[in-house]
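The values are calculated or read from the model by the stated rules, or taken from the named source; none is laboratory data. Bear in mind the structure is a predicted one, so any value in this text is a computation, not a measurement. Here the Cβ positions follow ideal geometry from the backbone for every residue, glycine too, while neighbour counts run over all protein chains shown.
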Amino acid sequence: MLGALIIVFREAIEAGLIIGIVAAVTRGVAGSRGFIAGGVAAGVLGALIVAAFAEQLSKSFAGSGQEFFNAGVLLVAVVMLAWHNIWMAKHGRELAQELSAVGKAVASGDRTLLALATVVGLAVLREGSEVALFLYGVLASGESGASVLIGGAAGLALGALTSVATFYGLVSIPPKKLFAVTTALITLLAAGLAAQAVAFLQQAGAITALTDTLWDTSWLLSDKSIPGRVLHTLIGYADQPSQMQVVVYGLTIIAIIAATKLTAMNAQPPARAPAE
Amino acid sequence: MRELKIAAAALALGMGFAGAAAAESYTLTIKDHKFEPAELKIPADKAATLVVNNLDATPEEFESKPFRIEKVVPANSEATFQLRPMKPGRYKFFGEFHEDSARGEVVVE
């Protein structure tokens, strides 16, 4: 039972953290809860479909279908997160001026709600399909099914609790600082997901350069442990990353920061413009 | 939509692709949540292809940290992995869904 709990929690924790972050980022935006719930529901449905067709998926792309699918899902999420930050750089100032209530200064506007709901859906889809396959395997084998299912349910509940804890942790940050914190979090999250996508592409043999392990800190903090998994999601921590993973991680951060700075510069109103 | 294009372009910048190379093929089977052989010998400093054949009626997640592999092998089916060139040594692999019994090592020599 404990084994099942840990396996399911390990998969659920990433989606849990992402849901919590998105909920905090979009707090105060009308309809954001509905978008997030829709993202989760679509993700669960997608996960069940992916799990049902796991065999066909595995056999596609000369046996690398799973890798390309995961890499694709991760890269779409990276683009959505980058887009959110860039959009916020452009419009965040206006939003902050328009919404006099300080608490709403961090509201992301409904333009990027769909992008963030997509990120939530993709996270649930990717992790959820593995949970579904694992639990299906337990049901199919009939070995001590009940206790494993209870463990699995407890793992999912802990994942949901992670969302709640992340949300309240973030919204307890003073509103003026919250925007800077979530922007940094989303940048690191995106970089970590991009590095994960590289791992899948390297596994598929689509990237063959820089495959050597850059460092091994598995003795210090395994990215399979729960704290390791949290850091893995939040900042992209990996205990044995390849050189290419680290390169892409760095490039993603640089690219997002450069793109947001450029956008913010272009969006800057002329000095001393009269208030409208 | 302009922001989306910038984001996509920024991402494309960060990605480099190269072609895959052909390599020697090895096979592992999973039966009753155990690997056969539990010890697989492969030559050092050479890329290899590994086929994992799952004969069980349940899926298994084949995983190896040193080879940076993590993939679900569905019930009664097989999956193919590209093993990168490795230095001599013993490298562990396991099945995450049945970690108690599904364990083994690749011996690179």
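Quick notes on this one:
- The strands (runs of 3 or more DSSP E) falling completely within region B:17-91 include none with 3 or more residues that are of a type in the set (S, T, N, Q) and closer than 26 Å to A:Gln243 by Cα.
- Of note, B:Ser77 satisfies the criterion of being in contact with a strand residue (DSSP E or B) (Cβ under 9 Å, 6 or more places away or on another chain), under 24 Å from A:Ala140 (Cβ atoms) and of a type outside the set (Val, Ile, Thr).
- Total residues in region B:51-67, condition among the hydrophobic types (A, V, I, L, M, F, W, C) and in contact with a Ser or Thr (Cβ under 9 Å, 6 or more places away or on another chain): 4
- Some residue of region B:94-109 being more than 24 Å from A:Asp239 (Cα to Cα), at the interface with chain A (Cβ under 7 Å from one of its Cβ atoms) and not aromatic (Phe, Trp, Tyr): no
- Per the conditions (1) in contact with a Pro (Cβ under 9 Å, 6 or more places away or on another chain); (2) surrounded by fewer than 22 Cβ atoms within 10 Å (Cβ to Cβ), the sole criterion not satisfied by A:Ala199 is (2).
- For region B:34-62, the candidate set comprises residues that are more than 9 Å from chain A (Cβ to nearest Cβ) and surrounded by 20 or more Cβ atoms within 10 Å (Cβ to Cβ); within that set, the residue that is farthest from B:Pro85 (Cα to Cα) is B:Asn54.
- Residues in region A:45-66 that are more than 7 Å from chain B (Cβ to nearest Cβ) and touching a residue at least 24 places away in the same chain (Cβ under 8 Å): A:Gly46, A:Ala47, A:Leu48, A:Val50, A:Ala51, A:Phe61, A:Ser64.
- Residues (of a type in the set (Gly, Ala, Ser), touching a helix residue (DSSP H, G or I) at 6+ places or on another chain (Cβ under 6 Å) and closer than 27 Å to A:Leu2 by Cα) located in region A:146-191: A:Gly151, A:Gly152, A:Ala154, A:Gly155, A:Gly159, A:Ser163
- Which numbered condition A:Ile207 misses (of (1) crowded, with 20+ Cβ neighbours inside 10 Å; (2) touching a residue at least 40 places away in the same chain (Cβ under 8 Å); (3) of a type in the set (A, V, I, L, M, F, W, C)): (2)
- Search result, residues across region A:210-264 that are among the charged types (D, E, K, R), surrounded by 18 or more Cβ atoms within 10 Å (Cβ to Cβ) and either assigned to a helix (DSSP H, G or I) or modelled with pLDDT of 90 or more (or both): A:Arg229, A:Asp239
Quick grid of which residues meet (1) closer than 26 Å to A:Tyr136 by Cα; (2) crowded, with 21+ Cβ neighbours inside 10 Å; (3) of a type in the set (Asp, Glu):
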{"residue": "A:Met1", "(1), (2), (3)": "yes, no, no"}
{"residue": "A:Leu5", "(1), (2), (3)": "yes, no, no"}
{"residue": "A:Gly20", "(1), (2), (3)": "no, yes, no"}
{"residue": "A:Val25", "(1), (2), (3)": "no, yes, no"}
{"residue": "A:Ala30", "(1), (2), (3)": "no, no, no"}
{"residue": "A:Gly34", "(1), (2), (3)": "no, no, no"}
{"residue": "A:Gly38", "(1), (2), (3)": "yes, no, no"}
{"residue": "A:Ile49", "(1), (2), (3)": "yes, no, no"}
{"residue": "A:Ala52", "(1), (2), (3)": "yes, no, no"}
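Here's the yes/no breakdown for (1) more than 12 Å from every other protein chain (Cβ to nearest Cβ); (2) buried (at least 22 other Cβ atoms within 10 Å of the Cβ); (3) of a type in the set (D, E, K, R):
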residue	(1), (2), (3)
A:Gly121	yes, yes, no
A:Leu133	no, yes, no
A:Ile150	yes, no, no
A:Pro174	yes, no, no
A:Ala191	no, yes, no
A:Gln203	no, yes, no
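- Helices (runs of 4 or more DSSP H) completely within region A:1-99 that count 2 or more residues being more than 21 Å from the chain's Cα centre (by Cα), within 30 Å of B:Ser77 (Cβ to Cβ) and aliphatic (A, V, I, L, M): A:2-25, A:54-59
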